[in-house]
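Before any comments, here is the structure.
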Amino acid sequence: MSAAALKVEGLGKAFREYSMEWRRMLGWFGHSFRPASETWVLRNISFQVFAGESVGIVGQNGAGKSTLLKLVTGTLRPTEGTIGVVGRVAAILELGMGFNPELTGRENARYTAGLMGMSPEQIDAIIPAVEAFAEIGEYFDEPLRTYSSGMQVRVAFSVVTAMRPEILIIDEALSVGDAYFAHKSMARIREFRKQGTTLLFVSHDPGAIQSLCDRAILLEHGKVLMDGEPSEVMDYYNALVAEKENATVEVKHLASGKAQTSSGTRDAVVETIALFNSSGEPVEFVNVGESVELRVRARLRRAVPRLVFGYMIKDRLGQPVFGTNTHHTGQALDGLADDQLVEYRVAFPMNIGPGSYSVSTALSSTETHLIDNYEWRDLALVFNVANQNRDLFVGTAWVPPRIEVRRV
Amino acid sequence: MKLMLLAIWHYRHFILTSIKNDLRTRFARSRLGATWMILQPLAQGVIYAVVLGRVLGTKLPNTNNEYAYVIYLLAGLAGWTLFAELITRCLTIFVDNASLLKKMVFPRICLPLIVSGSSLLNNLFLLIATLGIFIAVGNYPNWMWLWLPMLIVVTVLFGLALGLILGVLNVFVRDVAQVMNVIMQLWFWLTPIVYAIGILPGHFALVLRLNPMYAICSSYQQVLLWGNPPHFKTLGAIVVVSLVLLGIGMSLFRKASPDMVDVL
C-alpha cells in the first residue's frame, strides 16, 4: 500500500466528428480544424490507486466506466491528461477477446497469450493450467464457433489470468458466465489480491463490488461523483438510480464516521426506528438466535394512495442478509391521509451470525423503490450480533445444525 | 522507431503463429483446403490462356514456343497476384481486426507484418506450382530464375508501402476500399500481363512505363520466359519510391494510431 500502481491525472476523452475526414487527417500533421461535434465522455478525472488496492467503478449506463477502463488498458488513447501505470496490465474488456471462431479453444488461448506478449515457452507453460481452469473438457480442442458464450468467457478469463498481473482490469465480463465459474473466478481474483494485484473492476452487481473492493468510484456524466467506501458509494449510487427525476439525495455523517444516505420525495418518512428484545427493552447488542422486534414509526407528510414499508438487514460490507416488504407480505396500506402515523412491528429471531449489521428502510407505493420512492434510508439503524451461548460458528447465517457422529 | 522494432522483435513468435493460423483458418472449412490457394490463380491463368490464347489467337512476337504465351501470362500473374493480395488485404486490415484492436493492447504494426507474411507464403506456393507447370511444358530453369527472390522482395515492399497508407486511410474514409477495388481492376488491365506491350500504340506505351507494376511484372516475364535479367534501373527506382511511401505510411500510421480505435 505504498506506491501508486495507477495514477490518473486530469484525464479526458472526447470523441470527435469532423464534417470532412480529411480535416481530422490534417490534424495529425499539426493543422487542426474545429471538429463538427465533440462529445466528452470523460473529463477531469483524477485519482490514484495504490498497489494492492482494489477499486470498483460504478455508474449508470453511459457514465463513462467502460471508456475509463479502455483508457487505462490502453486500447483507447486519452484526449487530454495522463495515465501512469506501473506493472503488467491484464484486461478483460467486454465479452470475447477477439477470438477466431475457426480456431480451437487451445489455439485461441495460445493466440491470445501471444497477443499479451508471452513467449512460446511461457505459452507452453501456461496452456495446461488454462485448460484445467476453464474446465470445458473436450471442447477445448473444438473450433470456437461451437462454443456457448459462457464457454468463451471461461477460456478468456482463464487465459488472461493465467499469469498474475500487477493490475487486473475486468469489465463486467464475469456477469456472463455461469454461477459456478463466477465463484471460481472470484476466488482466483481474491487470491491475486492477496498476492498484491491491483484490481480495477466495473460491475452493476453491488454484491460483487462490496465483497471485492476496498474502494469504489462513482462516475456520473463522465465525472467522478464520489470516491470512497464501497458501501457508502453503493448506497449513494442506489439512491441516485432511484432519484433520476426528483434528485434529493442527502448524505448525513453519523457519529460512527459512517455516512447515512437517504433519498426520496419525503411524502412519508421514518420518524423512529429501534430494535427491542423479548422483554421489550431497546437493544443494540443481540445474541445469536434471540427473538427481537424491529419497531418503525412512519409519518405521512402528504396523503398517499398506497404505502409499502420495506426493510433490509445488511452486513458490515453492505451485502444484503435479509429483506422484504409489506407488499410481499400482503400488508400494504391503501388511501392514507396526510399526517397519518403508522407503526410497523417486525418480529423475528436473530438467526444471523456474529458481526455488525445495519438496517435500511424504504417507504414507497410499490414493491420497488424505483417508482414513487417516498423515502429510502440506508444505515437507519445499526446493531451488533454476538455469539454468547452457541457453539462457535462462522458466517452471516445462523443455521443450527444437528450433527451425528458415529464410529462405523 | 527503435521502440517499434523492439516491439516487433518481442512479438516475432506471435507474428509467425498468426501467419500459420491465417493459412489454417482461411481453408479450415473447405474440402480442398490449401490447394485453393494455388488453384484459384492457376484457374485464372488457364481461363486467360484459353480465352486470349486460343479463342482470340493472341501470340507473342519473336517466339516459336507454342507455350510462350501461357508462360508469359503465368509469370506476370505471379507478380501481380502477390501485389494485389497485399493491397486488398492491407486495405481492410484495421477494419477487419476492429474487435481485436478494441479489446487487446499489442503493437498494431504486427498486423501488416502478418498480412505480408501470409501473402508471401501464399505466393510461394503459387510460384512453386507455376514453376512446375513451366518445367512440364518444357521451359526449363535457368540461372536468371535466381533473380526471383529479389523480384518478390521489391513487390512486397511496394505492395506493403502502398497498402499501409491505404489501410490507414480506409479506417477513416471507408470509400477508399470501394474505390480501390475499381482501381485495382483498371490497374490490372493497364499492366501488360495478358497482352504484350508491343501491341499498344506508341504514346500509350510511354504512360505504361510510369506504372511500377509494369516494371515488376515485365521483370518476372523477362526472367521466367526470356531468360533475361530484370530491369535493374527501374526496379531500383521502385525500391526508392517504395521506401518513401513506406516512410509516409509509417508516419501516417503513427499519427493516426490514437484516433484509430475511436472510429472503428
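The values are calculated or read from the model by the stated rules, or taken from the named source; none is laboratory data. Computed from a predicted model, the values in this text were never measured in an experiment. No Cβ is skipped: glycine too gets one built from the backbone with ideal geometry, and neighbour counts run over all protein chains shown.
Scanning the range B:25-35 for residues that are surrounded by 15 or more Cβ atoms within 10 Å (Cβ to Cβ) and in a helix (DSSP H, G or I), we see that the one that is modelled with the highest pLDDT is B:Thr25.
Would you confirm, using the coordinates I've provided, whether A:Gly330 is in the same structural domain as A:Arg266 (by TED's automatic domain parsing), out of contact with any Lys or Arg (no Cβ under 9 Å at 6 or more places or on another chain) and at positive phi? So A:Gly330 passes the test. Residues in the range A:175-214 that are within 14 Å of A:Ile57 (Cβ to Cβ) and buried (at least 18 other Cβ atoms within 10 Å of the Cβ): A:Thr198, A:Leu199, A:Leu200, A:Phe201, A:Val202, A:Ser203, A:Pro206, A:Ala208, A:Ile209, A:Gln210, A:Leu212, A:Cys213. Residue pairs, Cβ under 7 Å, 6 or more apart or interchain, first in the range B:192-209 and within 17 Å of B:Leu60 (Cβ to Cβ), second at pLDDT below 75 and small (Gly, Ala, Ser). List them. From residues that are within 17 Å of B:Leu60 (Cβ to Cβ), the pairs are B:Ile197/B:Ala205. Whenever a residue of the range A:285-311 is in the same structural domain as A:Asn351 (by TED's automatic domain parsing), its partners that are aromatic (Phe, Trp, Tyr) and not in a strand (DSSP E or B), lying with C-beta atoms within less than 7 angstrom and at least six residues away or across chains, give the pairs A:Val288/A:Trp398; A:Gly289/A:Trp398. Could you tell me whether any residue of the range B:47-63 is modelled with pLDDT of 80 or more and either more than 23 Å from A:Asn108 (Cβ to Cβ) or within 14 Å of chain A (Cβ to nearest Cβ) (or both)? Yes, the conditions are met somewhere in the range B:47-63. Among the residues making up the range A:97-126, those that are surrounded by fewer than 19 Cβ atoms within 10 Å (Cβ to Cβ), touching a residue at least 24 places away in the same chain (Cβ under 8 Å) and touching a helix residue (DSSP H, G or I) at 6+ places or on another chain (Cβ under 6 Å) are A:Pro101, A:Glu102, A:Thr104, A:Arg106.
Scanning the range A:352-408 for residues that are part of a loop (DSSP other than H, G, I, E, B) and among the aromatic types (Phe, Trp, Tyr) turns up A:Phe393, A:Trp398. Quick check: is even one residue across the range A:76-95 free of Cβ contacts under 8 Å to residues at least 40 places away in the same chain, of a type outside the set (Asp, Glu) and surrounded by 20 or more Cβ atoms within 10 Å (Cβ to Cβ)? No, the range A:76-95 has no match at all. Restricting B:Leu162, B:Leu146, B:Leu131 to those that are touching a helix residue (DSSP H, G or I) at 6+ places or on another chain (Cβ under 7 Å) and in a helix (DSSP H, G or I) reduces the list to B:Leu162. When residues in the range B:1-12 are screened for being in contact with a helix residue (DSSP H, G or I) (Cβ under 6 Å, 6 or more places away or on another chain) and surrounded by fewer than 15 Cβ atoms within 10 Å (Cβ to Cβ), 0 of them pass. Among the residues of the range A:127-145, those identified as crowded, with 16+ Cβ neighbours inside 10 Å and farther than 25 Å from B:Leu23 by Cβ are A:Phe133, A:Ala134, A:Ile136. The requirement of being touching a residue at least 40 places away in the same chain (Cβ under 8 Å) and not in a strand (DSSP E or B) is fulfilled somewhere in the range A:337-348, by at least one residue. Each residue in the range A:53-106 was checked for being aliphatic (A, V, I, L, M), in contact with a strand residue (DSSP E or B) (Cβ under 8 Å, 6 or more places away or on another chain), under 30 Å from A:Pro143 (Cβ atoms) and at the interface with chain B (Cβ under 9 Å from one of its Cβ atoms), and 5 pass. Every condition in (1) within 30 Å of A:Glu80 (Cβ to Cβ); (2) surrounded by 20 or more Cβ atoms within 10 Å (Cβ to Cβ) holds for A:Gly228 except the one numbered (2). The residues of the range A:107-128 that are more than 7 Å from chain B (Cβ to nearest Cβ) and not in a helix (DSSP H, G or I), listed by number, are A:Met116, A:Met118. Just so you know, in the range B:96-137 the residues that are of a type in the set (Val, Ile, Thr) and more than 14 Å from chain A (Cβ to nearest Cβ) include one that is farthest from B:Val261 (Cα to Cα), and it is B:Val137.
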